[in-house]
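Notes to accompany the following structure.
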Amino acid sequence: MRVDLRDLTDGPASYGPGQLQVIFERIFDENRTRDFAFRKQDVTVSSPGTAFAKGRWTRRARPGGQETVETLTFTLREENRDWRINEILASR
């Protein structure tokens, strides 16, 4: 999976499942999620087998850090009738 989460990762890169588990554990240990939401109108199927979903992530770095609001864009691909996350990109 390709991931680019700005200040949380070392730039855009592709990761395997084991690597992602370590990265996400670190991110969620160091940050407290206050809100994470997708609006229905922010999920679109652009072509057969490809969809995009924009979610708003509000988080605070621990301990007592500043609150950050980011828009995460998920690219999803349909594989064998299931949707799989292919990419996660952050923007502010």
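The values are calculated or read from the model by the stated rules, or taken from the named source; none is laboratory data. What you see is a predicted model, and the numbers here were worked out from it, not measured in a lab. Cβ placement follows ideal geometry from the backbone for every residue including glycine, while neighbour counts extend to all protein chains displayed.
Filtering the stretch 53-92 to residues that are under 20 Å from residue 9 (Cα atoms), outside any strand (DSSP E or B) and either polar (S, T, N, Q) or modelled with pLDDT of 95 or more (or both) leaves only 66. Please go through the stretch 1-52 and pick out each residue that is among the charged types (D, E, K, R), assigned to a strand (DSSP E or B) and farther than 27 Å from residue 80 by Cβ. Residues satisfying the conditions are 32, 34, 35, 39. Kindly evaluate residue 49 against the criterion of being small (Gly, Ala, Ser) and either exposed (fewer than 14 other Cβ atoms within 10 Å of the Cβ) or touching a residue at least 40 places away in the same chain (Cβ under 8 Å) (or both). It is true that residue 49 is small (Gly, Ala, Ser) and either exposed (fewer than 14 other Cβ atoms within 10 Å of the Cβ) or touching a residue at least 40 places away in the same chain (Cβ under 8 Å) (or both). Applying the set (1) of a type in the set (S, T, N, Q); (2) under 22 Å from residue 2 (Cβ atoms); (3) at pLDDT 95 or above to residue 46 leaves exactly one unmet item: (3).
For the stretch 26-38, the tally of residues that are loosely packed, with under 11 Cβ neighbours inside 10 Å and over 15 Å from the mean Cα position of the chain (by Cα) stands at 1. Being more than 21 Å from residue 17 (Cβ to Cβ) and acidic (Asp, Glu): is that true of residue 79 here? Answer is no for this residue.
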